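The values are calculated or read from the model by the stated rules, or taken from the named source; none is laboratory data. Since the structure is predicted, the reported quantities are computational estimates derived from the model, not experimental observations. When we count neighbours, we look across all protein chains shown, and the Cβ atoms used for this are built from the backbone with ideal geometry, even at glycine. Only protein heavy atoms, including side chains, enter the accessible area calculation; ligands, DNA and RNA are left aside. Shrake-Rupley method; radii C 1.70, N 1.55, O 1.52, S 1.80 Å.
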Amino acid sequence: MSTYIKPSQLNFWKTNGYLRIPGFFSDSEVAALRQWVAEIEGWEQDLGRWMHHYESVSDGTRLSRTEDFIPHHEGMKSTLTSGKVLDVISELTGEPAVLYKEKINYKYPGGGGYAPHQDAPAYEFVKSHTTCLISIDEATAENGCLYFSPGRHREGMIALDPHGCIDPRVAESMDWVAAPTQPGDILLFSSYIPHKSGENGSNLPRRIIYAVYNNLSDGDWRDKYYEDKREAFLEYAADESGRSGQISKIAHFQGRTVLKHEE
Ligand SMILES: O=C(O)CCC(=O)C(=O)O
């Protein structure tokens, strides 16, 4: 098996809880990924198959996110469940890995950011996950790249507030480092690393694919995750809890969600 991670990068990962690998995908691979993202974005909403989430931005309703798409897209499926992405995750964690979930965040101009949070509270059934962020577009401070709080992945859940995010007063006192990426870069991060992002202040979308993995020895939970999420979303839409704007089981998304039936 080829190796993708140098000893200095492994040290960075262990110390900081995240790692950027520049140019992991070639220009032609990025072109294919971009084409596939466009194909998926063109699918009509069909909640029983894939899940599109929408938000309101200044020039109308735009997709904020699509998830659960690999059963319906061969190229995405093979890229996210075999080959070098799976290998790099296994190399990092020292164990065979399995896909837990996948999503595309589109972040159109004016699209919402994400409040400081850890992913672990939203990723049930397994204790620990590793995400591979694949940059389709350049991500910058201006268009809403991620920020991490380096080294804080070692502290378990940090100051969980009632929304499943990090208590804003605690988040304010933390150190945050921007993690800009170029098309083709990947950014690996632990489900315990605190992160956040701003809204897109540019005039182009900032598309990113997120593929989330767990150790194969902890089981294959992908079907269960989406079954549970669909059930939860039906509940949010029907109850009076004010959670219908959430796109996750935690309320981290800061955009203005539009439910499909509201369009
Ligand atoms: O895409 C972003 O800006 C951040 C996304 C994020 O943190 C999440 O989806 O949990």
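Taking the stretch 143-184 as the range and being of a type in the set (D, E, K, R) and within 16 Å of the ligand (Cβ to nearest atom) as the test, the residues that pass are Arg152, Asp161.
Checked against the criterion of being of a type in the set (Gly, Ala, Ser), open to solvent by less than 50 Å² (accessible area, probe 1.4 Å) and within 21 Å of Asp218 (Cα to Cα), the stretch 109-127 has at least one qualifying residue. I'm trying to understand the selection: among the residues of the stretch 50-72, which are touching a helix residue (DSSP H, G or I) at 6+ places or on another chain (Cβ under 6 Å) and farther than 22 Å from Phe253 by Cα? The one that is touching a helix residue (DSSP H, G or I) at 6+ places or on another chain (Cβ under 6 Å) and farther than 22 Å from Phe253 by Cα: Ile70.
Criterion first (touching a Phe, Trp or Tyr at 6+ places or on another chain (Cβ under 7 Å), modelled with pLDDT of 95 or more and in a strand (DSSP E or B)) does Arg20 satisfy it? Reasoning before the result, please.
Values: touching a Phe, Trp or Tyr at 6+ places or on another chain (Cβ under 7 Å): no; modelled with pLDDT of 95 or more: yes; in a strand (DSSP E or B): yes.
So Arg20 does not fit the description; no.
Considering His195, His252, which residue is within 12 Å of the ligand (Cβ to nearest atom) and under 25 Å from Arg34 (Cβ atoms)?
His195
In the stretch 40-51, the qualifying residues are those that are loosely packed, with under 14 Cβ neighbours inside 10 Å and charged (D, E, K, R), and the one that is nearest to Gly111 (Cα to Cα) is Glu44. Being in contact with a strand residue (DSSP E or B) (Cβ under 6 Å, 6 or more places away or on another chain), among the aliphatic types (A, V, I, L, M) and within 20 Å of Gln246 (Cα to Cα) holds for only one residue in Ile70, Ile89, Ile104, Ile40, and it is Ile104.
Cβ-Cβ distance below 8 Å, separation of 6 or more or different chains: which pairs start in the stretch 193-205 with a residue that is open to solvent by 50 Å² or more (accessible area, probe 1.4 Å) and end on one that is within 13 Å of the ligand (Cβ to nearest atom) and of a type in the set (Lys, Arg)? That search, which allows pairs on different chains as well, returns Glu199/Lys107. The number of residues in the stretch 219-242 being assigned to a loop (DSSP other than H, G, I, E, B) and either surrounded by 17 or more Cβ atoms within 10 Å (Cβ to Cβ) or touching a Ser or Thr at 6+ places or on another chain (Cβ under 6 Å) (or both) comes to 1. Among the residues of the stretch 52-69, none qualifies, meaning not one is at pLDDT 95 or above, of a type in the set (A, V, I, L, M) and open to solvent by 50 Å² or more (accessible area, probe 1.4 Å).
From Lys107, Lys101, grab the single residue that is within 15 Å of the ligand (Cβ to nearest atom), outside any loop (DSSP other than H, G, I, E, B) and of a type in the set (Lys, Arg). Let's see the steps before the verdict.
Working: Lys107 fails: outside any loop (DSSP other than H, G, I, E, B).
Every option except Lys101 fails the conditions.
Quick check: anything in the stretch 75-85 basic (Lys, Arg), assigned to a helix (DSSP H, G or I) and over 30 Å from Pro168 (Cα atoms)? Within the stretch 75-85, one or more residues are basic (Lys, Arg), assigned to a helix (DSSP H, G or I) and over 30 Å from Pro168 (Cα atoms).
Quick check: is even one residue across the stretch 170-189 of a type in the set (Ser, Thr, Tyr) and either in contact with a helix residue (DSSP H, G or I) (Cβ under 7 Å, 6 or more places away or on another chain) or touching a residue at least 40 places away in the same chain (Cβ under 8 Å) (or both)? Yes, the stretch 170-189 contains at least one residue that is of a type in the set (Ser, Thr, Tyr) and either in contact with a helix residue (DSSP H, G or I) (Cβ under 7 Å, 6 or more places away or on another chain) or touching a residue at least 40 places away in the same chain (Cβ under 8 Å) (or both). Does Tyr210 fit the bill of being aromatic (Phe, Trp, Tyr) and open to solvent by 10 Å² or more (accessible area, probe 1.4 Å)? Here the answer is yes, as Tyr210 does meet what is asked.
Annotation: of all residues in the stretch 82-97 being crowded, with 20+ Cβ neighbours inside 10 Å and among the β-branched types (Val, Ile, Thr), the one that is farthest from the ligand (Cβ to nearest atom) is Val88. The number of residues in the stretch 180-191 being open to solvent by less than 10 Å² (accessible area, probe 1.4 Å) and in contact with a strand residue (DSSP E or B) (Cβ under 6 Å, 6 or more places away or on another chain) comes to 6.
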